[in-house]
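In what follows, a single structure is set out as structure tokens and then discussed.
The values are calculated or read from the model by the stated rules, or taken from the named source; none is laboratory data. Values in this document were obtained by computation on a predicted structure and should not be read as measured data. For neighbour counting, all protein chains shown are included, and Cβ atoms are generated from backbone atoms with ideal geometry for every residue, glycine included.
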Amino acid sequence: MGCAGFNSKHEKRDLKLPKGRKQIKEEIERDLLHDRNVTGLFYGGSIGTGSTDLYSDIDLRIVVKSEVFELYRSNKKNRAHNWGEVIFYEDSPVSSHSVAHFKEFIKVDSFYYTQKDLKPSVWLKEIEIIHDEDHFLHELQRKSNELQYASSIDEFEIWRSKFFAHSHEVYRGMKRGEFLYAMSSIDSLRFILTSGWFMESGKQPNNPGYWAKLGGSRSRLEAWQEVFLEKTHCSPEEESIRKSLCILIEEFKRIHHVLCKKFGIEENKEQIAAIFNLIL
């Protein structure tokens, strides 16, 4: 098995991915729309927003009757075989979520719900409803569209404490000579700053650790923010890691100042300085 590069071997295959995704969607709907226990069916993600690209997956949401939920949840891997040839799964036996990877290089993220599991959410504003037996999903989407994201003081407290903790882990990793661990903490700090940028601008942050749309053609970030993230890449050397850490801390201080004013919280620069002086 060679390593010819990402831009050569699979280009023709990749151009056919939208067609393969369409075929798998057709099989999903052919299977589930004829199931009397399925009361609702919708797509989230890029299908829901109408922003798919070549590599978009299928974010599938299945609403079933409460009395059969456990049966459908426990059978979630087998169900995916009805939609095409699965080559492997990402799956936990106890969860209601499963990811099936198909031979066409397309994956389906499927979630099983009952109606009581679903509540209005900013994440349910843009969905593509395929089946809605009793108009539950349309009403859920209507109520979701009335919501506006607003960051909270609790969210802010979690945000800054996570930044403090990971900054200290960078130091510990460097002193132990565990440079890869230190670099992983640097990446955590970089991600935490993206959440701060979104809170600053009144946008919903990405879910923890979810780097999608934080770069590239679908990026949610401004151009200067992408440049900043590039600038804070580091190599597994103490000086490189230390330099990235210092840059990240300075941007954290700026965001922290803005968010403290936004929430009416005392900034307490002395305490912030004391936290970082333990490692700098």
Looking only at the range 192-235, and only at residues there that are over 19 Å from His256 (Cα atoms) and of a type in the set (Phe, Trp, Tyr), the one that is nearest to the chain's Cα centre (by Cα): Tyr210
Residue that is surrounded by the most Cβ atoms within 10 Å (Cβ to Cβ), among those in the range 220-237 that are within 18 Å of Ser185 (Cα to Cα) and of a type in the set (S, T, N, Q): Thr232
The range 100-129 residues that are touching a residue at least 40 places away in the same chain (Cβ under 8 Å), paired with ones that are polar (S, T, N, Q) and in a strand (DSSP E or B) (beta carbon under 6 Å, 6 or more apart): Ser110/Ser98
Hits in the range 143-187 - residues which are among the aliphatic types (A, V, I, L, M) and surrounded by fewer than 18 Cβ atoms within 10 Å (Cβ to Cβ): Leu147, Ala150, Ile153, Ile158, Ala165, Leu180
Among the residues listed as Ser217, Ser201, Ser240, Ser244, the single one being buried (at least 18 other Cβ atoms within 10 Å of the Cβ) and of a type in the set (S, T, N, Q): Ser244
Single match in Leu248, Leu214, Leu229 (criterion: outside the structural domain of Thr52 (by TED's automatic domain parsing) and within 19 Å of Arg172 (Cα to Cα)): Leu248
Inter-residue pairs, beta-carbon under 7 Å, first at negative phi and in the range 249-261, second of a type in the set (Lys, Arg), 6+ apart: His256/Arg160
Of all residues in the range 123-134 being charged (D, E, K, R) and outside any loop (DSSP other than H, G, I, E, B), the one that is nearest to the chain's Cα centre (by Cα): Glu128
Filter pass, Ser110 being touching a Lys or Arg at 6+ places or on another chain (Cβ under 6 Å) and not acidic (Asp, Glu): no
